[in-house]
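What follows is a set of notes on a single structure, which appears directly below.
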Amino acid sequence: MQLEKFSYDNKIVRNFAIATIIWGVVGMLVGLWIALELVFPKELNIQPWFNFGRIRPLHTNAVIFAFVGNGIFMGVYYSLQRLLKTRMASDWLSKIHFWGWQLIIVAAAITLPLGITTSKEYAELEWPIDIAIAIIWVVFGWNMFATILKRRERHLYVAIWFYIATFVTVAVLHIVNSFELPISFLKSYSWYAGVQDALVQWWYGHNAVAFFLTTPYLGLMYYFLPKAANRPVYSYKLSIIHFWALIFIYIWAGPHHLLYSALPNWAQSLGIVFSFTLIFPSWGGMINGLLTLRGAWDRVREDVILKFMVVAVTAYGMATFEGPMLSLKTINAISHFTDWTIAHVHVGGLGWNGMLTFGILYWLIPRIFKTDLYSKKLANIHFWIATLGILFYAIPMYWAGFTQASMWKQFNDNGKLVYPQFVETVTYLKPFLATRSFGGALFLIGALIMMYNLFKTIAKGKLVANEEAEAPALEKEYHKHEGEHWHRWIERKPVQFLLLSLVVILIGGIVEMVPTFLVKSNIPTISSVKPYTPLELQGRDIYVREGCYTCHSQMIRPFRSETERYGEYSKAGEFVYDHPFQWGSKRTGPDLAREGAGDNRKSDLWHFNHMDDPQAVTEGSIMPSYSFMIDNVLDTSTTPAKIRAMQTLGVPYEKGYDKIANIDLMKQAGQIAGNLAKDSVNVPADREIIAIIAYLQRLGTDIEKNKMAENQK
């Protein structure tokens, strides 16, 4: 059989590998900084650009899309060419993909500290960047699929199944979640509101974890773990079950992030059922990975690359066992809004994604530079420091999560909350936050050691930019072998494989979302709920800009401990004018859903002083100062456009209201400024601090009016 000569493109692999290393260190450094901000709030929150609320999404985006994203592309470009026995279809598309992705990361690094954000977790980037992401993702997918079509290997290996599912699902997730109405070049409102927005966001958010942090890395595991161990994958049949069950079930699981919320119960129940069943395909993948090492365990003790990979697969197993457990209502009632969730996420992020990436880098770099690793000793030091870092990070956060939940829910013999002030839990947890920071510092130090080790490896080697290879051409006709597994048919049909994957992942999303959007009884209206005033709308946008949702929830669950502390539990109809929703996912500060109502209502002066110097008002607070809002002039030139946008989205402002909205805005602002003046605080009515006070004082008042109306009846 005649062999065809060709070459693999290692230059693109090298580029993504270096980007992975550099952005990994940057993302971890930002993560350490925000962790320390919770320990030293006055010293490290450098307002406004480096306040916690602005740079926390910078950390998540840097780690997910810059570190892990570049790691995915590094592994895909290396493995895909070799599995298909062909060069990538287009070197130019590869270059466009690389530089386009780096520019997107830089755009995120600039806009997020500037407060340019949509506030939707893991999807905070504004609409022009969203469009760029979609374009570059299509470039990647086009290049990948064109490469698959020109392959010299008939059957698609299991890793490629996961790459295909990743491409098609992330495209769907990103496009659906990014429906937004632009107001200006860098400001938009989510097309969805309230409950619907929450459902779409966590359908996206959970599946971003599933199809960006999990499925592509499972593909990398199926390629690089057998390569590093020099062993075949344990079970072909198990890989088939693992793949199809995982991508079908995962897409349904998003609602488990919204248990005990205002989301309809039927949607919550679907999320629970499918989240719990996820344990079976997830552990199928873990077992397949670990048992691939059968007969090679002696090598694991000696081979640092295998050590990284074993810890990674083990962390994947731990995280995918814990996730289904956290989706059960009894456990979720304890874990949600606490640091337990932070621990869970970082076992996956640091353990699964981080350690597997490190192992792949140590395996890959010496091969494409045709040299030995500079220092195996440094790699072993990195392994142990990183492993200890994960433990020092996760264990304190688990402990903190249990402690938070216990303190929030504890009543005394008289039926009163033992810890009525939220800050009491914050003060108690500071040692755990400090220990978490130490763990993060260890993990970062390990990454820096790796950077030094790999750059020294690169320096002593020479890149084989075009690695020569040869393989027979793809046979024109395929003859089925006797006893061939039925799945081999779909492995020969990449287009059909992609379409089938698309159908499988669409089912869950359609079943969960369509009824929520089309059946009005899922979101019953409340007559007292009215649109925000222009000043409140501007204040809400400032709240979003400053990332207040990263620490404060606006979702009171139907637990006695929460209704005692915050007020009446939240209802679906409250949020019909919220574009986007602001339910939050973590309580570093108290819930604000009823901040302006009943016993929770505080004076305008209290809010002014609290935004100016939180620690002076609440001893032990770890909230950043927002004193810059006292000087910042509110940009009222955007008010008419915002009102028109809300009208387009269905908010019932009167026709032509955009032309007079600023008159009402200044009238309400004057009232708040007058209230402050009575307390000897003279601040002009056109300042941002006035707008955010207006928004905070509005929260919960609609439901309070509704309750008063019902009592009068």
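Any read-out appearing in this document is the output of simple, stated calculations on the displayed coordinates, not a laboratory observation. Remember, it's a predicted structure, so these values are computed and weren't measured experimentally. Here the Cβ is made from the backbone with ideal geometry for all residues, glycine too, and neighbour counts use every protein chain on show.
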Task: Nearest-20 debye value, the chain charge dipole, Cβ charges on Lys, Arg, Asp, Glu - done: 1940 debye
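With a 10 Å Cβ neighbour count serving as the proxy for reagent exposure, in which order, fewest first, do H97, H607 appear?
Listing H97, H607 from fewest to most nearby Cβ atoms yields H607, H97.
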Open item on the list: For a bin width of 10 Å, list the pair-distance distribution of region 524-632 built from all Cα-Cα distances, rounded to whole %.
Closed with: 13, 43, 36, 8, 0
Task: Straight-distance crosslink candidates among lysines, where the alpha carbon sits under 22 Å from K480 and sequence neighbours closer than 8 are dropped - done: K85, K150, K237, K493
Open item on the list: Nearest 500 deg cm²/dmol is fine: what mean residue ellipticity at 222 nm does the chain get from its DSSP H runs of n ≥ 4 alone, each adding -39,500 (n - 2.57), divided by its residue count?
Closed with: -20000 deg cm²/dmol
Task: Ratio Rg/Rh [Cα only; Rh per Kirkwood] for region 329-412 - done: 1.23
Task: At q = 0.21 Å⁻¹, base-10 log of I(q)/I(0) for region 1-154 (Debye sum, equal scatterers on each alpha carbon) - done: -1.24
Task: Descending semi-axes in whole angstrom, ellipsoid equivalent of region 534-712, from the Cα gyration tensor - done: 24, 22, 16
Open item on the list: What translational diffusion coefficient, to the nearest whole µm²/s, does region 64-197 have by Stokes-Einstein, given a Kirkwood radius computed over alpha-carbon pairs, a temperature of 37 °C and 0.692 mPa s viscosity?
Closed with: 203 µm²/s
Open item on the list: Just to be sure I follow the rule: in region 313-473, considering lysines 8 or more places apart or on different chains, how many pairs have Cα atoms under 21 Å apart?
Closed with: 10
Task: Selection from M513, I395, G446 lying farthest towards where the dipole of region 391-538 points positive, charges on Cβ - done: I395
- [ ] Could you work out the Rg to Rh ratio of region 438-558, with Rh taken as the Kirkwood radius (inverse of the mean 1/r over all Cα pairs)?
- [x] 1.20
Task: Degrees, to the nearest 10: 688-698 long Cα axis against longest axis of the chain - done: 80 degrees
